1. Give the residues of the range 44-95 that are touching a helix residue (DSSP H, G or I) at 6+ places or on another chain (Cβ under 6 Å) and of a type in the set (Lys, Arg), sorted by residue number.
2. Pick from Asn47, Asn35, Asn26: which is farther than 28 Å from Gly91 by Cβ and without any contact (Cβ under 8 Å) to a residue 12 or more places away in the chain?
3. Can you name every residue in the range 22-38 that is over 25 Å from Val4 (Cα atoms) and open to solvent by less than 100 Å² (accessible area, probe 1.4 Å)?
4. Return the residues of the range 144-186 that are in a helix (DSSP H, G or I), open to solvent by 60 Å² or more (accessible area, probe 1.4 Å) and hydrophobic (A, V, I, L, M, F, W, C); say none if nothing qualifies.
5. Looking only at the range 1-16, filter to residues that are open to solvent by 70 Å² or more (accessible area, probe 1.4 Å) and β-branched (Val, Ile, Thr); which one of those is modelled with the lowest pLDDT?
6. Do we have Tyr19 as among the aromatic types (Phe, Trp, Tyr) and open to solvent by less than 50 Å² (accessible area, probe 1.4 Å) here?
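The values are calculated or read from the model by the stated rules, or taken from the named source; none is laboratory data. Values in this document were obtained by computation on a predicted structure and should not be read as measured data. Here Cβ is always computed from backbone atoms with ideal geometry, including for glycine, and neighbour counts include all displayed protein chains. Just the protein is used for accessible areas: all its heavy atoms, side chains included, with ligands, DNA and RNA removed. Shrake-Rupley method; radii C 1.70, N 1.55, O 1.52, S 1.80 Å.
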Amino acid sequence: MTLVIYWGDGEWTGPKCLYDMMETKNEAVLKYISNYKINLIIPGELNYEEAEKFASDLGKALMYIKNMKNPAKIKRMIADDRYRKVESETGILLSELMNFEYHLPKNEEVADVCYAIEMIKKEAVDEAVQAERKAANEAAKEAAILNTIETCRDFNLPDKDIERKIIGKFKLSEEAAREYMLHKSA
């Protein structure tokens, strides 16, 4: 028996049998073709009882994939000792499928999913801090540009000279400089 595992967390929209893959729906043609059913495992359609029937950690992996966009369910899963630890290969698989970087310590056979989730949180916090820094830097740059324009106008410098000055000093395009001159400092 061949099984196909859909590693996505959403709904399966692909074919479920050979006939679904074919363009023709002509019964005269189809009667000569065996319609092989695809034995498909879809995480989003599994419940916990079905997932626990797998002899390996595959069921755990499928449940993590099913719930990967639902932090409350993930939190409940890692609070449950049955889902807290997975085999190292499953931890590596989950890190790839759930798009987080998790490096299993050498000579470890079991991955602690809580540690992986903490790493995800840390990455999210780091990304948020970087975004805030970038926004603060952009706001500071904008304030400096507007202050420069205002100061130059206080000294009655022509707009063309002010525009050249802010292009050079703040490495702006001519279009961005004109935007500052016309709209943001009016």
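1. The answer is Lys60, Lys66, Lys73, Arg84.
2. One residue alone meets the criteria, Asn26.
3. Matches in the range 22-38: Asn26, Ala28, Val29.
4. Leu182
5. Thr2
6. The answer is no for Tyr19.
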